[in-house]
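Chemist: After the structure tokens below, expect a handful of questions from me.
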Amino acid sequence: MQFDVEPFFDQESCTYSYLVSDPTTCRCAIIDPVLDYDTAAARISYASADRLIEHVRGNGLVLEWILETHVHADHLSAARYLQERLGGRIGIGDRIPLVQQTFARLFDAEEGFRVDGSQFDRLFADGDQFHIGSLSVQVLHTPGHTPACVTYLIEDAAFVGDTLFMPDSGTARCDFPGGDAHQLYRSIGRLLALPGSTRMFMCHDYKATGRDHYCYQTTVDEERAHNIHVGQNIGEAEFVALRTTRDKTLSQPRLLLPSVQINMRAGESPPRQANGINYLRIPLNVF
């Protein structure tokens, strides 16, 4: 079935958001939308999200879904901001409570913060199916980077979140709370078992060494043959050793602390305090 995929790139976080639309019904979904965040000023702005809004309205589309592949640690989610302006339902994998429980403790979340995923409109179980207009969508649980990662398989296109990168960049890190390299390897195996022609859309690209441009789309066949971490039938033990060693060299994402606190709330800020100001918390000597 023919459908449109429009990428929107946020260079500050090297994140790709996607607008997926069904030309037959003019219904659409937005995957992994980004809020702009000025770290020095602790100020949120909306230029990236407003580009999505402009595109939806300018093309006469109706937003049905705002889909998160996981609780991101490198950008703030624009899910709630978009929903307030365009409607639609916010969806994420049904293991989100595992992430909320972990980070509610780490950030000493406010009394009453719910760790059941109820901030989201739909929690997707593995194998769930739904539609964007007339487009068929299947949900695949793909944990490893986080315990709650999912892939959205929309017709012949897989939106893989952080599970895989372009073949010359490899795979996602597994050293965040709840991450597991063994799980990631098995999740990637599920994706690489899809038909070889399946298109794969990345959530991030950082321009691998020797490449001077950003990329966001590949195929299952290309990943099987050329992915530097899992291609050519690399075994689980070898992958886990490689991934674990590499993760020890990586610094924490620059926006980890604000991102998780916003994203585990489906894109909302923590509640205002008595002085009318929203605050984020910075735990010392934790990460």
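The values are calculated or read from the model by the stated rules, or taken from the named source; none is laboratory data. This structure is a prediction, so every number in the text was calculated from the model and none was measured. Here the Cβ is made from the backbone with ideal geometry for all residues, glycine too, and neighbour counts use every protein chain on show.
Chemist: Give the stretch 199-234 a look and list any residue that's among the hydroxyl-bearing types (S, T, Y) and within 19 Å of the chain's Cα centre (by Cα), or say none.
Modeler: Y206, Y214, Y216, T218, T219 - these are the residues of the stretch 199-234 that are among the hydroxyl-bearing types (S, T, Y) and within 19 Å of the chain's Cα centre (by Cα).
Chemist: Based on this model, can you work out whether A29 counts as at pLDDT 95 or above and within 26 Å of I277 (Cβ to Cβ)?
Modeler: Taking the combined requirement at face value, the residue does not satisfy it.
Chemist: Still on this structure: Across the stretch 228-276, what is the number of residues that are under 21 Å from T163 (Cβ atoms), among the acidic types (D, E) and either touching a Leu at 6+ places or on another chain (Cβ under 9 Å) or in contact (Cβ under 8 Å) with a residue 40 or more places away in the chain (or both)?
Modeler: 2
Chemist: Separate question: Looking only at the stretch 100-109, decide whether some residue is within 16 Å of the chain's Cα centre (by Cα) and small (G, A, S).
Modeler: The answer is no; no qualifying residue exists.
Chemist: Give, as residue ranges, the strands (runs of 3 or more DSSP E) completely inside the stretch 144-222 that count at least 3 residues that are modelled with pLDDT of 95 or more and out of contact with any strand residue (DSSP E or B) (no Cβ under 9 Å at 6 or more places or on another chain).
Modeler: none
Chemist: Please enumerate the residues belonging to the stretch 147-156 that are over 15 Å from the mean Cα position of the chain (by Cα) and either buried (at least 19 other Cβ atoms within 10 Å of the Cβ) or without any contact (Cβ under 8 Å) to a residue 12 or more places away in the chain (or both).
Modeler: I154
Chemist: Would you mention how many residues in the stretch 157-215 are buried (at least 21 other Cβ atoms within 10 Å of the Cβ) and β-branched (V, I, T)?
Modeler: 4
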